[in-house]
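Asks: Okay, here's the structure, questions in a sec.
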Amino acid sequence: MYTPELGKPGAAAPVSRRGEARAFVAAVAARVAADEFIEPKDWMPEAYRRTLIRQISQHAHSEIVGMLPEGNWISRAPSLRRKAVLLAKVQDEGGHGLYLYCAAETLGASRDEMTEALLAGKAKYSTIFNYPTLTWADIGAIGWLVDGAAIMNQVPLQRTSYGPYARAMVRVCKEESFHQRQGFEIMMAMANGTPEQKEMAQDALNRWWWPSLMMFGPPDADSPNSAQGFRWRIKRDSNDDLRQKFVDITTPQAEFLGLTVPDADLRWDADRGHYDFGAIDWEEFYAVVRGEGPVAKERMEARREAWEDGAWVREAADAYEAKRQARAAA
Ligand code: BYC
């Protein structure tokens, strides 16, 4: 069913703000049920627009800041093949950031505003990228666990209600799936290598496991944005459901690698048909969200430096565009 009441010329104006909000929720539900999306030129409540800008820009920042931990290993990759693969992977993450910034721009946010919010510490990015990459095995663990967690969260976002965001996720998920496999392949090589290499793989799993579970966000009961996110069909699966799915899929993969998940409480619960797992350190999560992560300062310094160093490129592009327009006008 198409929803003609949404942003169409001649549609009756909603009578009150509450009526307007209810009508929009119903219109979104109908669009989504018909496999359609809310599009940039449709009418939308200001709060929906602001929520999307928040999530999409934070998602974009995560992709861009997320280039740093792995970028750190490009010059030290153990072979030319590994270097070429890692270079391509990090470049893909940059591409994801750019699609996502474009998606947020369709909502009226400018690239400058979004970047300034990141650099001023007003906009968040995923906690996971505030941890250091200490050994080559960390590159395997990031692909396997971090990209694995990202896919779990992004596959449902292909059905999020805002068209440009949902469509960006289609390509992002295809690429993340390649990233996850390349990470797992590195872990396989390390886990089946020398005892020292296997130890490095285990150490990387020990350090990245819990931060990966935190990527899904706070428990549902403590998630302030979830209820409205579900009503607007921005969010399609809950933080806890996706986290459980990740544990269920990843635990047998660790067993296959011959590695031990660093959780003494992890066990299969036949009645639930899921793995039970231990308590997450939410104090650590909130501290990292507040900007107190182990390498948070270095991450922001690197982004600030890149933004400042790139100023001449932006100025040159603006000058070229002004010249092109002047020529076209003449
Ligand atoms: N880190 O009410 P909640 C990648 C914040 S990158 C930091 O549950 P929501 C990759 C949350 O923003 C892919 N902050 O919020 C790249 C909120 O604060 P605000 C990254 C977090 O939005 C390079 C507050 O906590 N993926 O794949 O309903 C190399 C309360 O949370 C985190 C995305 O960005 C966190 N982990 O749900 C390799 C996914 N978790 O904003 C790989 C897109 C929560 O109200 N985002 N917060 O001040 C989402 O799906 C949702 O925003 C979340 C949170 C599930 C993360």
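Read the figures in this text as sums done on the coordinates, not as results from a lab. Bear in mind that the values here come from a model prediction, so they are computed numbers and not experimental data. Cβ atoms come from the backbone with ideal geometry, glycine included; neighbour counts cover every protein chain shown.
Asks: In whole Hz and in residue order, list the ³J(HN,Hα) couplings for segment 136-143 that follow from phi through the Karplus curve 6.51 cos²θ - 1.76 cosθ + 1.60, θ = phi - 60°; x for Gly and Pro.
Replies: For segment 136-143, the Karplus-derived couplings read 4, 4, 4, 5, x, 5, 5, x Hz, x marking Gly and Pro.
Asks: For H274, enumerate residues with amide H under 5 Å from its amide H, sequence gap 5+ or separate chain, H modeled in the peptide plane.
Replies: Long-range HN contacts for H274: D269.
Asks: Once you have a ≥ b ≥ c as the square roots of the Cα gyration tensor eigenvalues for segment 290-330, tell me rounded if a/c is under 1.5, and otherwise prolate or oblate according to whether a/b is larger than b/c.
Replies: Prolate, since a/c reaches 1.5 and a/b exceeds b/c.
Asks: Going by average Cβ neighbours within 10 Å, how do the peptides 198-205, 218-225 rank, with the highest at the top?
Replies: 198-205, 218-225
Asks: In square nanometres, what is one fourth of the surface area of the convex hull spanned by the alpha carbons of segment 200-330?
Replies: 14.1 nm²
Asks: On to the next question. Whole-Hz ³J(HN,Hα) for each residue in segment 213-224, computed from phi via Karplus 6.51 cos²θ - 1.76 cosθ + 1.60 with θ = phi - 60°, x for glycine and proline: what do you get?
Replies: 5, 6, 4, 6, x, x, x, 3, 5, 10, 9, x
Asks: Over 20 Å between C-alpha atoms is what I'm after, so list which of K124/K235; K89/K174; K122/K297; K41/K124 land there.
Replies: Cα-Cα > 20 Å for K41/K124; rest within.
Asks: Let me check against my output: what whole-number percent is the relative contact order of the chain, with C-alpha pairs under 8 Å and at least 6 apart?
Replies: This gives 17 percent for the chain.
Asks: If you build a Gaussian network model of the chain, linking Cα atoms that sit under 10 Å apart, which residue out of Y275, Y101, Y131 swings the most?
Replies: Largest GNM mean-square fluctuation: Y275.
Asks: Separate question: So what are the ³J(HN,Hα) numbers for segment 27-39, from phi and the Karplus equation (6.51, -1.76, 1.60; θ = phi - 60°), rounded to whole Hz, Gly and Pro as x?
Replies: With the stated coefficients, segment 27-39 comes to 5, 5, 4, 5, 4, 5, 4, 8, 6, 10, 10, 7, 10 Hz.
Asks: Determine the relative contact order of segment 212-295: mean sequence separation of Cα pairs under 8 Å and six or more apart, normalised by residue count, in whole percent.
Replies: In percent, rounded to a whole number, it is 22.
Asks: Moving to a separate point now. Would you mind getting the Kirkwood hydrodynamic radius of the chain from its Cα pairs, rounded to one decimal in Å?
Replies: Hydrodynamic radius (Kirkwood, Cα only) of the chain equals 21.6 Å.
Asks: Top mean-square fluctuation among R304, R18, R267, Gaussian network model of the chain, C-alpha springs under 10 Å?
Replies: R18
Asks: Run the reach check for K83 against aspartates and glutamates, Cα to Cα strictly under 20 Å, same-chain hits fewer than 8 apart removed. What comes back?
Replies: Cα-Cα hits under 20 Å: E63, E70, D92, E93, D138, D147, E175, E176, E185.
Asks: Quick check: from the Cα gyration tensor, does segment 169-235 come out rounded (a/c under 1.5), prolate or oblate?
Replies: oblate
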